1. Sort out which residues of the stretch B:318-353 are away from the ligand (no atom under 11 Å from the Cβ) and assigned to a helix (DSSP H, G or I), and write them in order of number.
2. Got a number for residues in the stretch A:116-135 being without any contact (Cβ under 8 Å) to a residue 12 or more places away in the chain and not charged (D, E, K, R)?
3. Which of (1) on the phi > 0 side of the Ramachandran plot; (2) surrounded by 18 or more Cβ atoms within 10 Å (Cβ to Cβ); (3) not aromatic (Phe, Trp, Tyr) is the odd one out, the single condition B:Leu135 does not satisfy?
4. Listed residues A:Ala98, A:Ala63, A:Ala40; which is in contact with a Leu (Cβ under 8 Å, 6 or more places away or on another chain) and in contact (Cβ under 8 Å) with a residue 40 or more places away in the chain?
5. Consider B:Ala373 carefully, then state whether it is within 10 Å of chain A (Cβ to nearest Cβ), more than 11 Å from the ligand (Cβ to nearest atom) and small (Gly, Ala, Ser).
6. Within the stretch B:299-317, can you find the residues that are in a loop (DSSP other than H, G, I, E, B) and within 12 Å of the ligand (Cβ to nearest atom)?
7. Return yes when B:Glu169 is charged (D, E, K, R), touching a helix residue (DSSP H, G or I) at 6+ places or on another chain (Cβ under 6 Å) and within 13 Å of chain A (Cβ to nearest Cβ) and no when it is not.
8. Would you tally the residues in the stretch B:140-184 being outside any helix (DSSP H, G or I) and under 27 Å from the mean Cα position of the chain (by Cα)?
Amino acid sequence: MLLREGSKGAASSGALKVAALVSLGRHPVTGRGRRAEQDARAVELGLSLTSSEHISLIHAGTAADETVQAMRGYLGMGLDALDLIVQPPDADVLPALATRVMETRPGLVLCGSRGESGEASGMLPYLLAERLGWTLVSGVAKVEAVEGDSMTVLQALPRGQRRRLKVRLPAIATVDSAAPPPRQSAFGPARRAKVRHFELSGQIDAEAADWTVSPARKRPKRLKIVKASSARDRFKVAAAKAEGGGGQVVKGVSAQAGAEAILKLLREEGVVR
Amino acid sequence: MSDIIRRDPRREHILRNRLHPDHGVVLALVGGALSDAARWIGPSGLVRRNPHAVGFIGPNGLRRIDRSGAPTSGLRSAAKSEAASDSRREVVISEPAFYIAVVADLPGGRLSAHDRDLLGLARQLADAERDGAVLLLAFGELRDEGLGDSGVDRVLEFKGGHYDGYGPEARLATLFVVERDLRPRHWIFPESTLGGGELGRRLAARLGVRPATQVWQIADGRCTGRGAAGATDITRALPSVVLALPECGEPVTDTRHAATPLAVTAAVALPLRRVEDLGAVAVDPAGVALAEAEFILSAGNGITDWDGFHHAAKVLGAAEGASRVAVDNGFMPRHRQVGATGTWVTARVYLAAGISGAIQHLQGIQSCEKVVAINTDPGCDMVKRADLAVIGNAGEVLGELVKLIGKTQGERRDVAA
Ligand SMILES: Cc1cc2nc3c(=O)[nH]c(=O)nc-3n(C[C@H](O)[C@H](O)[C@H](O)COP(=O)(O)OP(=O)(O)OC[C@H]3O[C@@H](n4cnc5c(N)ncnc54)[C@H](O)[C@@H]3O)c2cc1C
């Protein structure tokens, strides 16, 4: 991690302020509240960027015991305090979060790509960025450097590929599950850390009242449909070997010619440049 | 050529009369189609059959005999199959009443299976009322020729400078213009990490609509999607922006569509670029999980020079895989084993060097797109499975491959210098 402008000495005023938006997670098997996997990665990423006093943890939700216990899971990663904006159950937390983020004025907001409870649509960072007019960058795996008003990040792509992006600050970044795994939560520090309660009036999410929510059904498996006009075609499909055939066989040539044939295919597929 | 069979009485007469001077000639003319391993004309003019050569061996080892009498090859069957494939209904929508827009991922400029599922879903929505048209939006170079076969009525293609690489802001501005210009009734995005999921959410936030995410079913104007990290199903009225999972709809197979190019009239005001793409980063293939790797070089019992193999994998930039024998013999670590008891890989290109292709191994590479085999035995199962098989010594061929790559890289360096 490079911090070019604003060295450690001037850190108190110049260092990047980071806010991590954390949510209540659910254990996939037991269903108990816990720190959410991706949000914990976001906190971990924040801790790799600056020291813990420059990171503010923000959660908007109910002040139920379960929530507070789960939030202590984040605090046990080495942070002193968490801002809990108390909202009624089923409230739309966006206005509350936007207000709080404007108050703390961080340079970078980190959040997980998707929640583990409720709708979990992954829309929150996008709506927040739209409302605040900040840059949004998705699927961050690593922050390489922060220089003045921009940062260089690695974005995670499928198949373990990475893309380097230069992002203008202030920004909102969603953290991919390819980011480094979160550290263990330590029980003692988690107990000692403070949970600061804030009261903000919340708006009830009225639209969601019309939804039907049920436990996830197993998705139907797609069948292989054979469209054949005659019995003969159906027979041929049923009797044909599932795979094989049609491949090109290079035989009786020198090793060099064989290698050339392979290289041609690899180039066509774009795996070798 | 017409399909009508015309009889030639004279030729039939000659065929019946073995003493006719032209009998041999006519017989050869007709018998040309007859002579194969199972049926041929004997020296006396009689048709001879070899009952052992009839039919073929099916997948479960049983002999299958096709007695329908239809010719297995030749002109007639080709004409017939063409006629069969043309039986798909041609659909032309000249004046679309409304649009269903699909923003496809198009990896490599071609429709992915996920994209096709979305187009099927869009078709379902468009056909619910008269004259609905499916509009495909493509960013970057479009290389797919079968767009019409996948159910696309109109295509909007955006290519050139600012659409190359990662530029969600320019794309979002473009989508916004399309929204104002054509007012699609629904926007459908793939719920994928390739860009569709992000673009869909950005558009929904910009338009101020609440999208349905993780959707896997649409029926009767309501959609069902996963919520709470896959733990619940949320059913709601279908919103205008939908992010759909793979297999959300059936790909189009019955109809053919026009896929006419379209252009937006309004100019796209490109926004300030706040996210800049600095290009792909070279990743260490050894660090990528085997199940995710795009290109795998796999070693089996036919590899003897292991240093050469590791070097080849490094030069090719491939992740290393292995058959069970190579692992059991201690040449490769256990987590590199491909197959039923190892890892099920999804590589786009799988290069198998010295692997016989036991069923347990082939199971693990079922979802690989291109399989290349290097083997000394042309009859082995891996060669049958492979799209390209090179018969030869694996060590030598890999060595040549390394040399070839080194040579072209050297040339490129010379050009650059
Ligand atoms: C329950 C069970 C589970 C199993 N699970 C797996 C599994 O998950 N994955 C797996 O891989 N196997 C698995 N196996 C083992 C599997 O059945 C085969 O034994 C194994 O895959 C064979 O490995 P191979 O092809 O490397 O070796 P071989 O079968 O010995 O094949 C070597 C091949 O290399 C070729 N060859 C030899 N010399 C050269 C040369 N110089 N150049 C080029 N080619 C050469 C030969 O022609 C031959 O085709 C399992 C078996 C069982 C019973």
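The values are calculated or read from the model by the stated rules, or taken from the named source; none is laboratory data. Treat the numbers as computed from the prediction; the structure is a model and nothing was measured. FYI the Cβ positions are ideal-geometry reconstructions off the backbone, even for glycines, and counts take in every protein chain you see.
1. Within the stretch B:318-353, just B:His335 meets the criteria.
2. 6
3. The failed condition is (1).
4. Going through A:Ala98, A:Ala63, A:Ala40 in turn, just one is in contact with a Leu (Cβ under 8 Å, 6 or more places away or on another chain) and in contact (Cβ under 8 Å) with a residue 40 or more places away in the chain: A:Ala63.
5. For B:Ala373, the condition - within 10 Å of chain A (Cβ to nearest Cβ), more than 11 Å from the ligand (Cβ to nearest atom) and small (Gly, Ala, Ser) - is not met.
6. Scanning the stretch B:299-317 gives B:Gly300, B:Asn301, B:Gly302, B:Ile303, B:Thr304, B:Asp305.
7. Taking the combined requirement at face value, the residue does not satisfy it.
8. 22
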